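Read the structure below first, then the notes.
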Amino acid sequence: MNDDIEGFFRGRVPDGWFGDPVTVEADDDEILCTGSLAAGTDVRAWRESTRAERVKIAAAAEKRFGRKVSWGVVQGGRPTFLTSLSTPVMTRLRLPERAVLDTLVSAGVARSRSDALAWCVRLVGQHEGDWLADLRAALVGVQRARADGPTLI
């Protein structure tokens, strides 16, 4: 994670918005800022009262980092995404894989194949979270080795 992005948000998110320091996640398309709200806080009221400042912070971040900014809150261990970027991803699936998605749609688990695929990805993330965390940590080492290695002219 880019420390510059995290520092940017931690320096701009007002004290008192969240119970803990803001959590920042980013990829090539989006920056997601999430913070914890105290139990009993009305999320809708909080969203409305912070909207103008969140828009201002997001606009500055989008200009600086060239990525869309999304916001979320966690309350009682449950995340709620106030805004979120939905990015299309092209994939090729064979008939048995499409049948899995179509079954989820037919059963009412998902509204569309796209929703069904997102549901499957979330399910893997929930059940293989430790393995994915280990994989991400290993990738940090790979990126460091590449950065320290020889460069092409």
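Assorted remarks:
- DSSP loop trypsin sites (Lys or Arg not before Pro) with at most 14 other Cβ within 10 Å excluded, longest remaining stretch of the chain: 1-91
- A107-D28 FRET efficiency (beta carbon distance; Förster radius 30 Å; 0.05 resolution): 0.35
- In a reduced charge model with +1 at each Lys and Arg Cβ and -1 at each Asp and Glu Cβ, segment 16-57 shows a dipole moment near 380 debye about its Cα centre.
- The residues S114, S86, when put in order of fewest to most other Cβ atoms within 10 Å, stand as S86, S114.
- Counting beta carbons within 10 Å around each of I57, I31 and listing the fewest first gives the order I57, I31.
- Amide H to amide H distances under 5 Å link W71 with C33, L82, T83, where only residues 5 or more positions off or on other chains count and H is placed in the peptide plane.
- Whole-Hz couplings from phi, Karplus 6.51/-1.76/1.60, listed for segment 86-94; x for Gly and Pro: 10, 9, x, 10, 7, 9, 10, 10, 7
- Antiparallel content of DSSP bridges confined to the chain, in %, to 5: 55
- Antiparallel bridge percentage (DSSP; both residues within segment 1-86; nearest 5): 55
- Label-point separation, T91 to A145 (7 Å along Cα→Cβ), nm: 2.8
Coordinate-derived values only; no laboratory data. Please read these numbers as outputs of a predicted model, since none were measured by experiment. Cβ coordinates were reconstructed from backbone atoms using ideal geometry, including for glycine residues, and neighbour counts include every protein chain displayed.
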